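Only one structure is covered here, and it is reproduced in the block below.
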Number of protein chains: 2
Amino acid sequence: MKDLLNLITPEEALYLLKSNFNVSLKAAEIELSQAFGKILAKPVEAQENLPPFSRSTVDGYAVFAEDTFGATETFPVLLKLRGEIGMGEVPEFTLGPGEAVRIFTGGALPEGTDSVVMVEHTEQFDEETIAVMRPVAPGENVIAAGEDFKEGEVVLEKGTRIRAQELGVLAALGYGRVTVYKPLKVGIISTGDELVPVETKLKPGQIRDTNAYLLVGRILDLGMQPVYFGIVPDKFEELMKAIKAALSETDIVLLSGGTSMGVKDMVVDAINSLGTPGVLFHGLAIKPGKPTIGGGINGKPILGLPGHPASALMVFERIGVPFLSYLSGLKSSYEPRVKATLTINLPSKTGQEDLYRVMLTQKEQNYLAMPLLGKSGLINTLTRADGYVIVPLDLEGLHAGEEVEVILF
Amino acid sequence: MKDLLNLITPEEALYLLKSNFNVSLKAAEIELSQAFGKILAKPVEAQENLPPFSRSTVDGYAVFAEDTFGATETFPVLLKLRGEIGMGEVPEFTLGPGEAVRIFTGGALPEGTDSVVMVEHTEQFDEETIAVMRPVAPGENVIAAGEDFKEGEVVLEKGTRIRAQELGVLAALGYGRVTVYKPLKVGIISTGDELVPVETKLKPGQIRDTNAYLLVGRILDLGMQPVYFGIVPDKFEELMKAIKAALSETDIVLLSGGTSMGVKDMVVDAINSLGTPGVLFHGLAIKPGKPTIGGGINGKPILGLPGHPASALMVFERIGVPFLSYLSGLKSSYEPRVKATLTINLPSKTGQEDLYRVMLTQKEQNYLAMPLLGKSGLINTLTRADGYVIVPLDLEGLHAGEEVEVILF
């Protein structure tokens with residue numbers, strides 16, 4: 001078996017990929033109701049002041065604040081009541097000094113008023129007069145015109161992922177349609193003579209195609225579109241045909257498997273023979289994931305992941321997630337991380353990143369990170385993992401009792 | 001305005017809701033490829049031993065471990081080579097003492113062998129003989145039959161959400177179809193005379209229906225199905241009609257708004273007049289979110305959320321997410337939390353939970369949680385929040401510099 005030479009670090013691999021391939025996604029204008037999870041392809045500005053008019057935040061009386069200065073329960077200030085502003089009504093009159101108007105939460109303040117006295121701090125003196133028992137400051141209980149958003153202000157940047165909160169803000173700003181990137185199309189090819197479809201009864205030496213489903217799930221979770229190109233046996237011509245088909249229909253191709261003897265070279269040869277730049281790296285200084293291949297053809301990247309599901313998943317997390325997020329136009333990808341106390345020693349070689357999947361448990365105020373060890377090739381640990389811990393390149397390991405950062409799945 | 005009496009705690013509210021309403025979702029068998037994000041309605045067992053046959057994890061020679069004991073580079077053990085087991089081949093012969101067979105990663109071990117010597121630790125002596133230069137232990141470089149999953153073992157429990165990892169394991173176990181709960185259908189009604197559709201040019205006192213989009217986003221994020229029933233003005237008959245329509249089509253109804261005078265009572269009256277149990281609570285000891293209403297009609301729950309988007313969101317996070325997760329059949333809902341250092345003092349009343357939205361920033365090895373303060377009713381803080389902090393019922397506040405748990409959005 002040929003040795004894997006020239007191992008590069010995950011950061012170097014990401015740099016190589018990002019500097020060779022770019023976002024080339026088309027943008028499309030879609031209904032706001034369809035935009036959840038999508039990525040903004042243009043910055044969003046406020047099209048108007050929001051609120052467009054000064055608005056009360058309480059039920060009470062709109063007043064000119066100065067009129068209320070000095071008001072107390074014993075010596076209330078009396079103001080002339082000029083009626084009521086109904087919800088959605090335009091106040092078409094101007095208040096003079098010593099006057100007040102009844103207003104409800106959300107109501108628009110008439111000219112001549114700058115604040116609202118809460119109804120609890122007033123009493124009806126007679127039909128035309130209210131008694132104010134507490135002073136208000138100018139602007140109190142009011143959201144001024146443009147205080148929430150100013151016309152022309154950039155509210156959401158290009159590359160923002162639209163969560164529920166962004167949907168709400170876009171609705172408030174009056175955007176019934178938004179321009180977003182089309183989701184990244186990710187081709188998935190599983191290679192290996194030993195692979196069989198899911199519902200097959202296994203013969204010796206066969207395993208069911210697990211990686212395709214694992215990758216489909218992760219890609220859906222990232223809001224992207226997986227396209228599965230099936231199982232390809234370890235034959236050069238069939239591999240070439242599958243890669244070509246996937247490249248023509250998708251933005252990036254994920255290959256996995258081909259761990260049996262000599263097959264890694266076949267993947268390398270196929271990528272190199274199809275175009276430029278071909279293979280950019282073959283061999284990563286991470287464990288698991290050493291035999292990873294990165295490269296691409298005519299502007300479309302290809303990642304070759306290991307065949308073992310647990311290894312394929314870890315390489316996908318470490319390299320695939322940040323690279324795919326970058327290609328999808330996402331401004332910044334946010335990985336939730338929690339701090340936890342390591343329960344056992346984790347050995348590592350210096351010059352190699354070791355990735356350990358862990359299970360989190362709560363102990364009093366803290367989390368414990370329990371590494372899920374076991375023979376490589378076992379997959380029963382997959383579903384118990386909450387996240388993973390990285391032992392950095394320059395360390396010989398981490399010690400039991402150390403605080404570590406767990407990157408959540 | 002009628003005072004809100006009998007405030008109950010969020011935990012009491014959740015208890016009341018859970019003890020009055022149950023999961024009543026139908027299960028359906030679907031294709032595995034469609035199952036991402038769904039919840040298992042039945043436990044999943046291994047249908048067979050996995051792997052079904054003992055399997056090599058390396059390229060090398062299958063041997064009987066005892067034959068290799070004592071082997072060194074200077075004094076290798078010589079074994080008779082009985083040929084090769086191709087990938088996917090059934091080994092139909094039995095090895096005797098002193099014999100070895102060539103095997104590849106994933107290959108099935110023949111009878112009479114219990115371990116695999118890596119090819120790197122051997123040399124070809126002659127055509128029929130290999131020299132083993134290191135001993136192996138029984139089971140070394142082998143995954144035994146059933147070592148990953150034992151036939152009949154429960155691998156995934158009922159109520160498990162299917163992530164990528166679960167998809168992979170289900171594929172490995174041969175499940176091309178799985179039985180999952182139908183996604184919870186959540187009805188959304190926005191109430192208030194001041195509300196207008198998203199693309200409307202605002203008149204004074206009007207605001208665009210922001211909560212509907214906010215809630216649609218959160219419900220999609222939870223893997224559930226939102227159904228929007230539009231904007232209902234503050235008229236009793238129209239409110240009744242909308243609630244009836246939503247109840248007939250969905251599993252739970254979320255109402256939001258109706259914050260102007262007297263309207264809260266209208267929602268209470270509507271819920272009480274439509275059936276039992278009617279309103280279970282009206283008023284929560286949380287801020288924001290005090291005027292929340294909880295109840296239901298004939299087995300279907302209704303939650304009445306505040307009208308302010310930021311308040312509606314916080315109540316949805318605190319009460320809605322755990323309750324909807326419970327109704328959806330989820331075994332345990334997992335809220336990612338990170339520890340962070342609070343940047344300013346946060347005041348709170350004892351006997352009341354205060355929820356503060358915060359922005360997270362990294363400072364050296366730690367996160368800082370910066371509360372997003374501002375007038376209630378402003379929504380520009382929504383998109384900057386990464387999560388929120390709870391000041392518990394029994395505390396008068398939290399201090400700047402304290403370590404807090406941030407529940408991530």
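Every number here is computed from the coordinates shown, using simple stated rules; none is lab data. Here the structure is a predicted model, which is why all the values come from computation and not from measurement. Neighbour counts run over all protein chains shown; Cβ positions are idealised from the backbone, glycine included.
Some notes on this structure:
- Within a Gaussian network of chain B (alpha carbon springs, distance under 10 Å), most fluctuating of B:Met87, B:Met240, B:Met314: B:Met87
- Stretching the chain fully between B:Asn366 and B:Glu111 yields a gain of 86.2 nm (0.36 nm per residue, less the alpha carbon separation).
- Residue exposure sequence - A:Arg134, A:Arg218 - by fewest surrounding Cβ within 10 Å: A:Arg134, A:Arg218
- Shape of segment A:337-408, Cα gyration tensor, a/c cut at 1.5: oblate
- Highest-first packing order for the peptide set B:293-302, A:389-398 is B:293-302, A:389-398, based on the mean count of other beta carbon atoms within 10 Å.
- Exposure proxy ranking for A:Tyr367, A:Tyr356, based on other Cβ atoms within 10 angstrom of each Cβ and starting from the fewest, stands as A:Tyr367, A:Tyr356.
- Sorted shortest first, the distances from the B:Lys26 label point to those of the same residue in the other copies are 3.8 nm; each point sits 7 Å from Cα along Cα-to-Cβ.
- Chain A - charge dipole about Cα centre, Lys and Arg +1 at Cβ, Asp and Glu -1, debye rounded to 20: 2840 debye
- Put a dot 7 Å past the Cα of A:Asn20, heading toward its Cβ, do the same for A:Glu73, and the two dots end up 7.7 nm apart.
- Taken over the Cα atoms of chain B, the convex hull encloses 206 Å³ per residue.
- 10 Å Cβ neighbours from other chains, averaged over peptide A:158-167: 6
- Mean-position separation - Cα centroids, segment A:203-255 and segment B:55-72, in angstrom: 34 Å
- Neighbour-count ranking [beta-carbon atoms within 10 angstrom, fewest first] of B:Ile319, A:Ile8: A:Ile8, B:Ile319
- Exceeding the 20 Å Cα-Cα cut-off - candidates A:Lys158/B:Lys339; A:Lys339/B:Lys363; A:Lys38/B:Lys182; A:Lys18/A:Lys331: A:Lys158/B:Lys339; A:Lys38/B:Lys182
- Alpha carbon Rg of the protein assembly as shown, scaled by the compact-globule rule 2.2 N^0.38 Å: 1.14
- Computed Kirkwood radius, in angstrom, where 1/r is averaged over Cα pairs of segment B:55-143: 12.4 Å
- Within segment A:103-157, the percentage of alpha carbon pairs spaced more than 13 angstrom apart rounds to 70%.
- Nitroxide proxy distance, nm - points 7 Å out along Cα→Cβ at A:Val90 and B:Asn272: 4.0 nm
- Spatial separation of Cα centroids for segment A:16-33 and segment B:80-136, in angstrom: 51 Å
- 10 Å Cβ neighbours from other chains, averaged over peptide B:193-202: 5
- Label point of B:Thr129 set 7 angstrom out along Cα-Cβ; within segment B:88-121, amide nitrogens under 18 Å from it belong to B:96-102.
- Per-pair calculated FRET efficiency, R0 = 25 Å: B:Glu157 and B:Glu238 via Cβ, rounded to 0.05: 0.05
- Among beta bridges that DSSP assigns inside chain B, antiparallel share in %, nearest 5: 70 percent
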